[in-house]
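The values are calculated or read from the model by the stated rules, or taken from the named source; none is laboratory data. Treat the numbers as computed from the prediction; the structure is a model and nothing was measured. Here the Cβ positions follow ideal geometry from the backbone for every residue, glycine too, while neighbour counts run over all protein chains shown. The area values use the complete protein model at the heavy-atom level, side chains included, leaving out ligands, DNA and RNA. Shrake-Rupley method; radii C 1.70, N 1.55, O 1.52, S 1.80 Å.
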Amino acid sequence: GTPQKYDPTFKGPIYDRGCTDIVCCVLLVVAIVGYVVVGVVAWTHGDPRKVIHPTDSRGQFCGQQGTPNDPLVLLEFQCPTTQVRPGPFWTAAFPKFPTESGPAAPPCPPPVQICVSKCPDRYMTYLTAFGNAASLQYYRNFCTPEFKNSQKAPLEVLRDKECPAMLIPSTPLARRCFPAIQAKKGVIMVGNETTYDDGHGRRRNVTELLEGAKKANVVLETRQLAMKIFEDYTVSWYWIIIGLVIAMVASLIFIVLLRFLAGIMVWVMIVMVILVLGYGIFHCYMEYAKLKGEAGSDVSLTDLGFQTDLRVYLHLRQTWLAFLIILCVLEVVIILLLIFLRKRILIAIALIKEASRAVGHIMSSLLFPLCTFFLLCLCIAYWASTAVFLSTSNEAVYKVFNESACPFSGQTCKPETFNTSNVTKLCPDAQCLFAFYGGETAYHKYLIVLQFFNVFMFFWLANFVIALGQVTLAGAFASYYWAFKKPDDMPAFPLFSAFGRALRYHTGSLAFGSLVLAIVQVIRVTLEYLDHRLKAAENKFAKFLLSCLKCCFWCLEKFIKFLNRNAYIMIAIYGTNFCTSARNAFFLLMRNIIRVAVLDKVTDFLFFLGKLLIVGSVGILAFFFFTHRIKLVQDTAPPLNYYWVPILTVIVGSYLIAHGFFSVYGMCVDTLFLCFLEDLERNDGSAEKPYFMSQNLRKLLKKTNKGQPDA
């Protein structure tokens, strides 16, 4: 705590602490162990190949090393129908053929999928191929492995779904065969043809295939775009890195210059606002005077009523009079605020300058966000991989499909023993086909619970990593503030010391704060999911209630983040538990609410100005460079497919770099501000309770340390 008598060796309250919120620490450790167990179980049962590789009707992967189908692509037979019905992974379709008894067959099972060595490259129907040995030999490449008898009647082959009714020129995409649709001079063509034989003796227009291949074309165009973007990155990556380095240097220079220019920038901004409002008042008065005597300008707003053309209002004197009054009120309010808050603005500027000095003494703090970013990447990678393995943990489920009446229809079956079972004896036309991925075990029943736990732990651990970064930075900057002789009384490695204190003493408190925030975030995700599911619902009251809940929990999340941030600063300073720190921080800020508001707006303006300056200048430089508009380096810039690719990358990267630097700076300002408020409330400048604030702040507040050397 705070010393009762001044001791030259005392280095502030940050070193007097013990372990806090031990129960939450134990709970976090248990949850992490459980999370590891869930990951191991998921990795044991899951198979990511189900996401990457398509499967045939037996559930076997296409194009997977070490399988019977290596290296192959997927061809899908569509259900028999009187019309061509393109599917998402479509190449061939069955027209419906009359059976020997006359009426059409009942609905067929899911489309038959087989793995083939390559996609079809020509139009062909089975009926035409049946009479030609060479064509039939080519056609056999796209039939099921059960097709052995080439002399079997075509109607029987198509009825048993051993071969597709027709083939269409296709291209492989994501190991699936899609119609090779192309446009030549505005004409849609497939394989250089505008029509095709549907296998039933009728010619159809290829435009009927567009709907089935629309998504395939989007994916194909996206792949082509991605390849061009990748080419641009390969020839411009080093220039992008140079641009990001320039952004990093500019961010560092801006933070250093804030020590000298913060006051100038703030006061220039204030003067500019006053001048702009003054010009607005002058302009409104001139427009008001100019309309005097003009016809129709004296009509009142109430008589005119509402008009969709807003320009009508600009021809009324009353409109400009209203603007004039509003701007005059704003001008007076701002001037009065400046008169009464000038001292608080000076304090805010002084704290910003002090923060620049603190960052200068702890330069390693500017690189610490990289550590936080690395840990967040680990959390994201573990969550994503666990989610993929959990979602692919289902087993292949096979069901009995048939076209005639069968008591076993829809029941599960095993392909290995199906041909020797009673099903084939009672239902000769029955087939055991792959239906979907699922499972009947307890593990499969609780997969949704494990996915929910995975999401919850991701939020908890991600918030814990962010909290650890905030406490570490706060502890480092607090050691600067509570050093009586700056920087002589600071520890040798303040950042590493603060990191060690946070892990050793306050893991439980960080787990507590991040747990509360994670619960709120999971509730928000659940509400978003419900909102997505209820989009098609007609219940307006439910939608309204859901919107209100989403708004409330959004506000609650923002408040908890604000409270947690300041609670972590108090934890770094005094080492108290989370609840005590949150309560003390909240009431401390409420007792100084005006100072909080002024400092918040001043820092927001400076950070906005800094980000705008850095991102704008680097972005403009990148634009002129990559568009060959700088004559000195015109021949150096690489040729590009899309010049906006490196420009956008540099702009986004510059913003992230500036945001990372300013997040450290913002944490420094907030920490020094809370230390400053604590210093004012707990100390009085006497020999027993000297002020720890810098000499500039003491001069600004007209405070002195009696009988003690200046900091």
| field | Virtual spin-label span in nm between residue 680 and residue 182, 7 Å along Cα→Cβ | value | 7.5
| task | Please go through the residue pairs 161/445; 50/561; 161/425 and name each one whose alpha carbons sit more than 27 Å apart in this structure. | result | 161/445; 50/561
| query | For residue 689, which lysines qualify as cross-link partners when the Cα separation must be under 23 Å and same-chain residues fewer than eight apart are set aside? | reply | 5, 11, 485, 486, 699, 702, 703, 706
| query | In nm, what is the difference between 0.36 nm times the number of residues separating residue 224 and residue 149 and their Cα-Cα distance? | reply | 22.8 nm
| remark: Here, chymotrypsin sites (Phe, Trp or Tyr not before Pro) of segment 626-711 satisfying both criteria (DSSP loop; at most 14 other Cβ within 10 Å) are 642
| request: Could you state the accessible area per residue of segment 395-438 in Å², with a 1.4 Å probe and every protein chain left in place? | output: 60
| task | Return the carbon/sulfur percentage of the accessible area of segment 395-438, one whole number, probe 1.4 Å, all protein chains in place. | result | 55
| Normalised by the number of residues in segment 395-438, what is the relative contact order in percent for Cα pairs under 8 Å and 6+ residues apart? | 55
| field | Sites matching GluC sites (Glu not before Pro) across segment 450-557 that sit in DSSP coil, with at most 13 neighbouring C-beta atoms within 10 Å | value | 538
| message | How charged is the neighbourhood of residue 477? Take every other residue with its Cβ under 12 Å from the Cβ of residue 477, and add Lys/Arg as +1 and Asp/Glu as -1. | response | 0
| field | Long-range HN-HN contacts of residue 113 with modeled amide H, under 5 Å | value | 57, 77
| said: Give me the one-decimal nm value for the distance between modelled label points at residue 609 and residue 343, 7 Å along each residue's Cα-to-Cβ direction. | reply: 2.4
| Considering amide H positions built from the backbone, and no H for Pro or chain starts, which residues 5 or more places from residue 195, or on another chain, come under 5 Å of its amide H? | 206
| query | Which whole-Hz couplings ³J(HN,Hα) result when phi for each residue of segment 374-389 is put into the Karplus expression 6.51 cos²θ - 1.76 cosθ + 1.60, θ = phi - 60°, listed in order with x for Gly and Pro? | reply | 5, 5, 5, 4, 4, 4, 5, 5, 5, 4, 5, 5, 5, 4, 5, 5
| query | Restricting attention to segment 564-635, which trypsin sites (Lys or Arg not before Pro) occupy a DSSP loop and are surrounded by at most 15 other Cβ atoms within 10 Å? | reply | 629
| note | Length gained, residue 283-residue 418, 0.36 nm per residue minus C-alpha separation, equals 39.7 nm
| request: Between residue 562 and residue 26, with labels modelled 7 Å along Cα→Cβ, what's the label distance in nm to one decimal, could you check? | output: 3.6
